[in-house]
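Only the coordinates and a few stated rules stand behind these numbers; no lab work does. Bear in mind that the values here come from a model prediction, so they are computed numbers and not experimental data. Virtual Cβ from ideal backbone geometry, glycine too; neighbours counted across all protein chains shown.
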Amino acid sequence: MLDIKLIRENTEAVCKGLESRGADTGAIEKILALDVRRRELLAQTEELKSKRNTVSKEIGMRKKAGDDTTEIQAEMRAVGEKIAELDKELADVEQEQRNLLLCLPNLPAPGVVPGGKEANEVISVYGEKPTFDFTPKNHVDLCTDLGLIDYERGVKMGGNGFWLYQGDGARLEWALLTYFIQEHIKDGYTFILPPHMLTYECGLTAGQFPKFEEDVYRLTEEGFHFMLPTAETALINMYRDEILSEADLPKRLFAYTPCYRREAGTYRASERGMIRGHQFNKVEMFGYTKPEDSEAMLQELIRKACKLVEGLGIHHRLAKLAAGDCSASMATTYDVELWLPSMNEYKECSSVSNAMDYQARRGNIRFRREATKKTEFVHTLNGSGLATSRLMPAIVEQYQQADGSIKIPDVLVPLMGGQTVITKK
RNA sequence: GGAGAGGUGUCCGAGUGGUCGAAGGAGCAGCACUGGAAAUGCUGUGUACCCCAUGGGUACCGAGGGUUCAAAUCCCUCCCUCUCCGCCA
């Protein structure tokens, strides 16, 4: 959520920032008009309340003294009615303003270029595109032929967009997750296994709601529990409505969860297989920092994500996203993209972002600064570390051999019980 | 699922209609004492918003609504936690 004071005092800069990400600025004028009315109403009702408080105390004292207070009580009743009236309007105005504010995306950080996907900038490239002296297969054929993934039975059980891992496929998936978890633990991050079903409030804080309610699986009519679309949604809510002490920062967390997404609408045939599914596994990194430390944490998370992919020996690149390609809550986003030979394309396997104080403001997550004794909003950051649904395709495609087998990346061998290659059973 | 208890400040905990933003204690900070520390004593210690802004005001005692001149305190609805019983993995 953007600070209403910022909108009030730097209207032009806010609009410019929103426009650079292609967001609609039509709400700004409305928000400002509501803000004027809100403050008017607040001044009026507070003045009346002040009067009522004073007089009510007086009534108490005069009654004790045995005075007749009928007249003054009637007067205060009228004041009370006026207050109720003003409060009602104030509540409506505040609600309307808050709804508009909740729908505004974050402002892009300085240095994030305007525009959409086409304006993304490749920062670095690791390794080279693998070459094959045979005709390489795509990941769907590889996984099917080797019996790693059963797409048809997955669909039978879960419907379109689901698959199941089996045998060496399940082991490879599990080995990847274990590899990530071990690396994060080595780096001193705290391992979290959060609830997978969350309340509406969690989605609101993360910035997914109210705008993207349709993107999640809702569980109940009443209460709005939903399946988390990413562990980020859980981790941002761990410290919701809390005041952290400065010494607790930065907090470095990571969590493993499946991610559940509706992915409404059809996706391109080229995205078949594990590129886009309703359920996929992800290890998510998360950071809470003081404002002045969030840039360093962002760089740390980017390094960690890249290091994991490098460890697997996969050709990939790092891209800095243009404003319009960042998700709504984020001020800066970097994507780690894997090379998929069959698609002749780079596909995101990690998205590392700095939300600055946008989510903290929505979730009221603050810390107390020792020097000033004052509370400030924390900065929150998140990054996949990593999602497997794009990695597994990249691994099988980049590590495939002429005989149709797949060489297992060295770091995963110990996690696969010493197995070095996956062959047809 | 049945029965009961309860949700108060950083924490514990008092408070059943008026002078309660809230006793008391712990913690924390400052000062005093000390060679230094402990102990002790004194002082301070919530958040947010608004304004005619070195000051003033309002709101907040789980959430929402109601009664009243006045609500932490009374009434209603909801949420959550705990204990016991039942059921299930």
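Considering only A:Ala394, A:Met343, A:Thr333, the residue lying farthest towards the positive end of the dipole of region A:302-407 is A:Thr333, judged by Cα position with unit charges set on Cβ. With a Förster radius of 41 Å applied to the C-beta separation of A:Thr144 and A:Gln299, the computed FRET efficiency comes to 0.55.
Among A:Arg77, A:Arg62, the order by Cβ neighbours within 10 angstrom, fewest to most, reads A:Arg77, A:Arg62. About the centre of its Cα atoms, region A:113-193 shows a dipole size close to 220 debye [charges on the beta carbon of Lys, Arg (+1) and Asp, Glu (-1) only; nearest 20 debye].
Spin-label pair A:Lys5-A:Leu42: with each label point 7 Å from Cα along the Cα-Cβ axis, the two points sit 1.1 nm from one another. When the charge dipole of chain A is built from unit charges on Cβ atoms (+1 for Lys and Arg, -1 for Asp and Glu) and taken about the Cα centre, the candidate among A:Leu176, A:Phe224, A:Gly158 whose Cα reaches farthest toward its positive end is A:Leu176. Note on A:Lys63 and A:Lys186: the extension gain reaches 37.2 nm, defined as 0.36 nm multiplied by sequence separation minus the Cα-Cα distance.
The region of chain A that goes longest without hitting one of the GluC sites (Glu not before Pro) in a DSSP loop, each with at most 10 other Cβ atoms within 10 Å, is A:223-369.
Using C-alpha pairs below 8 Å separated by at least 6 residues, the relative contact order for region A:338-425 is 26 percent. Computed from phi, the 3J(HN,Hα) profile of region A:367-383 under the Karplus parametrisation 6.51, -1.76, 1.60 (θ = phi - 60°) reads 9, 9, 7, 4, 4, 10, 6, 9, 8, 9, 6, 7, 9, 10, 9, 8, x Hz, with x in place of Gly and Pro.
Note on A:Val122/A:Glu310: beta-carbon distance plugged into 1/(1 + (r/R0)^6) with R0 of 22 Å gives a FRET efficiency of 0.85. Residue separation of A:Asp410 and A:Glu89 scaled by 0.36 nm, minus their Cα-Cα distance, works out to 109.0 nm of gained length.
Within region A:117-422, the ratio Rg/Rh, alpha carbon atoms throughout and Rh by Kirkwood, equals 0.98. Each Lys and Arg Cβ is given +1 and each Asp and Glu Cβ -1; about its Cα centre, region A:4-102 then shows a dipole of about 360 debye. Let me make sure I get this right: for region A:131-229, a, b and c are the square roots of the gyration tensor eigenvalues over alpha carbons, sorted descending. Under 1.5 in a/c it's rounded, otherwise prolate if a/b > b/c, else oblate. Which is it? Taking the square roots of the gyration eigenvalues as a ≥ b ≥ c, region A:131-229 is oblate. For chain A, averaging the sequence separation of C-alpha pairs within contact (under 8 Å, six or more residues apart) and dividing by the residue count gives a relative contact order of 20 percent.
Think of region A:1-40 as having a plus end and a minus end, set by charges on the Cβ of Lys, Arg, Asp and Glu; of A:Ala27, A:Val14, A:Met1, A:Met1 sits farthest toward the positive end of this dipole. Here each label is just a point 7 Å from Cα along the line to Cβ, and for A:Lys30 and A:Leu100 those points are 0.7 nm apart. Remark: A:Leu412, A:Leu48 ranked as A:Leu48, A:Leu412, counting other beta-carbon atoms within 10 Å and listing the fewest first. Here the calculated FRET efficiency for A:Glu292 and A:Lys211, from their Cβ-Cβ distance with R0 = 35 Å, stands at 0.70, rounded to the nearest 0.05. With neighbour counts taken as other beta-carbon atoms within 10 Å, the residues A:Leu253, A:Leu391 rank, fewest first, as A:Leu253, A:Leu391. Take the alpha-carbon centre of region A:317-391, take the same for region A:228-259, and report the distance between them in whole Å. So the separation of the two Cα centres works out to 13 Å. In this Cβ point-charge picture (+1 for Lys and Arg, -1 for Asp and Glu), chain A has a dipole of about 560 debye about its Cα centre.
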